[in-house]
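First the structure, in the form of structure tokens, and then the observations on it.
The values are calculated or read from the model by the stated rules, or taken from the named source; none is laboratory data. All values reported here derive from a predicted model rather than from experimental measurement. Quick reminder, even Gly has a Cβ in these numbers, built from the backbone with ideal geometry, and neighbours come from all protein chains shown. Ligands, DNA and RNA are excluded from the accessible area calculation, which covers all protein heavy atoms including side chains. Shrake-Rupley method; radii C 1.70, N 1.55, O 1.52, S 1.80 Å.
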Amino acid sequence: MAISVYSKKKEDIEFQYWERCRNLPEEKLIALLGHNNFKLSLEAAKVLQLKGGSKVIKLAQMDCFSNSYKRRVLAAFILGQISLNSNEEKVSLDILYNLALTDKSAMVRSYAVSSFGHRCNRTKKKYLDSLLALAKYTVLDKSVNVRESTAIALSMFDNKASIPLLIKLLKDTNSDVKDWAAFAVNANGYDTPEIRNCFVSLLNENNFEVRYEAIIGLSKMKDKRVTQALIKELSKDIVYDEMVQAAAYLGDVALLPVLYEIKKKWEPFDELNTSIKVLEHLKSTL
């Protein structure tokens with residue numbers, strides 16, 4: 001998918017700030033945490049996170065109680081992936097858990113959830129039960145960003161206890177939340193009747209990313225309720241390789257005509273050849 005002009009400009013600015021920060025000494029990086037330009041402060045936080053050390057860890061832990069929500073955001077971010085010993089880990093997780101549940105700033109809560117997920121990931125699921133306990137509350141948070149961060153955090157772990165939480169997120173009112181929840185389901189290969197029904201409902205979403213996840217998921221589940229939606233996507237002027245590949249996953253010979261049309265328009269490619277071969281074989285066995 002092409003990068004938008006806005007996204008490219010954003011990436012360029014972030015790179016410029018990173019270049020400005022990456023060779024600065026620790027004291028100057030710490031000073032930048034209080035800069036009025038939050039994006040610059042965030043790049044400084046990224047460098048401090050990579051550098052690590054007890055001074056940075058203690059500062060981040062203290063800043064989680066700052067009167068400035070921006071400092072709390074940056075502190076939560078730093079604690080997400082910085083190297084910690086076992087005691088620092090326990091203290092930091094307790095701080096992040098409380099921030100995620102009680103901070104008055106939605107931005108802080110969102111970063112805290114994300115960082116809690118990263119910490120669980122770094123410790124090979126050691127604190128997964130704590131993340132699941134936290135997510136029971138954050139899936140209901142009034143902030144879209146917090147619910148989205150919850151879906152992203154749950155996508156990192158293959159644990160069926162996540163399924164009821166992800167189902168709640170699949171029924172969210174916000175498309176970005178539903179997109180990440182569907183991604184989490186597909187990334188971990190979850191498949192239940194309720195998930196399938198949720199995915200069928202998502203086929204009517206205006207947001208392409210949400211429809212994409214639903215179509216791919218249902219195709220892998222071999223749920224033929226997705227057939228017409230897949231035909232519609234394959235009939236468009238722009239067709240994604242993954243959608244062509246989904247035809248083979250689904251295994252519905254009703255997809256052959258639209259695949260033949262694609263073959264007429266473009267040079268054959270691996271995904272198309274494979275899907276046609278799979279479906280023609282299935283047709284020959286009927």
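Values as computed for the structure displayed
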item: Entirely in region 202-286, the helices (runs of 4 or more DSSP H) that have 1 or more residues that are modelled with pLDDT of 95 or more and over 24 Å from the mean Cα position of the chain (by Cα); result: 227-234, 241-250, 256-265, 270-285
item: In region 145-197, the residues that are among the basic types (Lys, Arg) and either open to solvent by 40 Å² or more (accessible area, probe 1.4 Å) or more than 17 Å from Gly117 (Cβ to Cβ) (or both); result: Lys160, Lys168, Lys171, Lys178, Arg196
item: Enumeration of residues in region 94-122 that are open to solvent by 30 Å² or more (accessible area, probe 1.4 Å) and either out of contact with any Phe, Trp or Tyr (no Cβ under 9 Å at 6 or more places or on another chain) or not small (Gly, Ala, Ser) (or both); result: Asp94, Tyr97, Asn98, Leu101, Thr102, Lys104, Ala106, Met107, Tyr111, His118, Asn121, Arg122
item: Single unsatisfied condition, Lys39 versus (1) over 23 Å from Leu128 (Cβ atoms); (2) at pLDDT 95 or above; result: (2)
